[in-house]
1. Report the residue count in the range 346-383 for those that are in a loop (DSSP other than H, G, I, E, B) and in contact with a Ser or Thr (Cβ under 9 Å, 6 or more places away or on another chain).
2. Is it fair to say Ser323 is under 22 Å from Asn265 (Cβ atoms), in contact with a Leu (Cβ under 9 Å, 6 or more places away or on another chain) and modelled with pLDDT of 85 or more?
3. Please enumerate the residues belonging to the range 284-315 that are more than 18 Å from Lys361 (Cβ to Cβ) and of a type in the set (Ser, Thr, Tyr).
4. Can you tell me which residue in the range 242-263 is nearest to Ile307 (Cα to Cα), limited to those that are hydroxyl-bearing (Ser, Thr, Tyr) and buried (at least 17 other Cβ atoms within 10 Å of the Cβ)?
5. I need every pair where a residue in the range 112-123 that is touching a residue at least 40 places away in the same chain (Cβ under 8 Å) has its Cβ under 7 Å from the Cβ of a residue that is not in a strand (DSSP E or B), sequence separation at least 6 or different chains.
6. Which members of the range 235-287 meet the condition of being outside any helix (DSSP H, G or I) and among the aromatic types (Phe, Trp, Tyr)?
7. Can you tell me which condition Leu72 does not meet? The list is (1) surrounded by 16 or more Cβ atoms within 10 Å (Cβ to Cβ); (2) of a type in the set (A, V, I, L, M); (3) modelled with pLDDT of 75 or more; (4) part of a helix (DSSP H, G or I), and all the others hold.
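The values are calculated or read from the model by the stated rules, or taken from the named source; none is laboratory data. Keep in mind it's a predicted model, so treat the numbers as computed, not measured. Cβ: placed from backbone, ideal geometry, glycine included. Neighbour counts: every protein chain shown.
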Amino acid sequence: MINFLTKKLNKRWIGFIIIFTIFVVTVWSSNKIVQELKREEHKRVENYAKSLELISSSEFLDSRTQDFLFKLIEDNKTIPVALIDDKGNISDTKNIDEAITNNEAQLKKYVLAMKRDDQTIEVDLPEGKNYVYFKNSKLLNQLQYYPLIIILLILLFFGFAYWYFKTIRDTEKSYLWAGMAKETAHQIGTPLSSLMGWVELLKLEDIDQMSVIEIEKDVDRLKHIADRFSKIGSTSELKKNDLIATTKQTVNYISQRISKKTEVNFTTDVDEYLINLNESLYSWVIENLMKNAADAMQNKGVLDISIYTKGKFVEILVSDTGSGIPTKLQRKIFEPGFTTKKRGWGLGLSLAKRIIEEYHKGKIFVSKSSKETGTQFKILLKK
């Protein structure tokens with residue numbers, strides 16, 4: 001499965017490079033066309049200006065030459081031009097909208113804008129120097145924006161490609177971890193069945209039953225762990241469960257298996273609270289947070305677990321008196337593979353985040369942390 005996804009991903013990268021190359025070539029070629037068209041339009045206006053100059057200044061042109069020059073003048077049907085004398089008066093216009101030419105104030109404003117564009121050709125006429133002001137044709141203006149549109153499309157394409165490939169990578173990781181989890185659950189299942197059988201046999205023997213009870217609790221815990229692993233990657237079933245009882249049971253179990261130097265306190269504002277919950281996965285999150293807190297305090301300090309049900313959300317707080325988490329790491333700790341411990345894979349908090357946010361549609365985050373007071377994790381669950 002992983003090899004198949006990797007090959008598929010490589011093919012998509014090749015496709016991405018090909019499409020990107022097409023975009024680059026399109027931008028380059030369109031820009032080249034725009035520049036070429038701009039030069040062509042400038043040349044046409046020069047011909048227009050030169051034709052005006054020749055017709056006005058020469059009395060000895062034959063009819064064929066005059067016809068040719070008039071044809072050059074009339075040939076311009078797209079480029080807006082205005083002929084201005086040396087006093088600033090408008091002598092003639094061409095290809096300017098009638099709504100503008102019929103309004104003297106608007107026409108002067110339009111010509112002033114043409115002057116600012118700095119596209120001017122000087123013409124020597126019998127009455128003195130004149131100037132031909134011109135602007136780009138509508139077609140050229142539209143084509144000038146075309147490369148910008150292409151660049152915008154490229155940026156959108158990059159954004160989509162980044163999101164798409166990130167999704168593919170995340171999916172690939174999910175398949176990997178889900179597969180490993182299910183295989184682990186399967187491997188644990190066989191020896192676990194044997195252990196359960198041995199526990200039943202020990203109950204019949206004349207030995208300390210308290211020890212057998214504790215062993216039975218640990219075996220039962222292993223069963224829960226196998227059940228959790230088997231559910232990773234599957235659709236989570238949320239059922240109405242007592243949040244208080246589930247949390248208290250987990251707190252009691254973990255408090256018996258961490259250092260006696262760690263003081264564990266559990267408080268709640270109600271004795272019972274039913275909520276949509278996957279009991280097995282939720283208890284694993286609390287267990288993981290408690291173990292991390294004990295490690296942060298080096299198994300010596302105060303660990304508080306509190307539940308509040310009065311607000312819009314149910315709040316579960318797990319607080320310790322450890323050395324705190326640096327601000328720059330408070331988001332990274334939920335990333336898969338990130339860990340500050342010498343041992344471990346850095347999957348605990350990332351899995352806890354997935355269980356709370358994806359399965360239970362809640363939130364989990366570091367609500368406060370400092371060297372002096374320790375760290376507090378907050379879980380918000382919908383009522």
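1. Here is the first cut: in the range 346-383, the residues in a loop (DSSP other than H, G, I, E, B) are 346-347, 360-362, 371-373, 383.
Within this subset, residues satisfying the condition of being in contact with a Ser or Thr (Cβ under 9 Å, 6 or more places away or on another chain) are 346-347, 360, 371, 373, 383.
Number satisfying all stated conditions: 6.
2. Values: under 22 Å from Asn265 (Cβ atoms): yes; in contact with a Leu (Cβ under 9 Å, 6 or more places away or on another chain): no; modelled with pLDDT of 85 or more: yes.
Here the answer is no, as Ser323 does not meet what is asked.
3. Answer for the range 284-315, where residues must be more than 18 Å from Lys361 (Cβ to Cβ) and of a type in the set (Ser, Thr, Tyr): Ser306, Tyr308.
4. Just the residues of the range 242-263 that are hydroxyl-bearing (Ser, Thr, Tyr), to begin with: 246-247, 250, 253, 255, 259, 262.
Subsequent filtering for residues that are buried (at least 17 other Cβ atoms within 10 Å of the Cβ) retains 246-247, 250, 253, 255, 262.
Details: Thr246: 12, Thr247: 9, Thr250: 14, Tyr253: 18, Ser255: 17, Thr262: 20 Å.
Step by step, filter the range 242-263, then rank; the result is Thr247.
5. From residues that are touching a residue at least 40 places away in the same chain (Cβ under 8 Å), the pairs are Gln119/Lys135; Ile121/Val45; Ile121/Glu46; Ile121/Ala49; Val123/Ala49; Val123/Leu52; Val123/Glu53.
6. Of the range 235-287, the ones outside any helix (DSSP H, G or I) are 235-242, 256-278.
Correct list: Phe266, Tyr273.
7. (3)
Rundown of residues vs (1) buried (at least 19 other Cβ atoms within 10 Å of the Cβ); (2) under 35 Å from the mean Cα position of the chain (by Cα); (3) over 15 Å from Lys248 (Cβ atoms), yes/no style:
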position	(1), (2), (3)
Asp271	no, no, no
Leu274	no, no, no
Ser283	yes, yes, no
Val302	no, no, yes
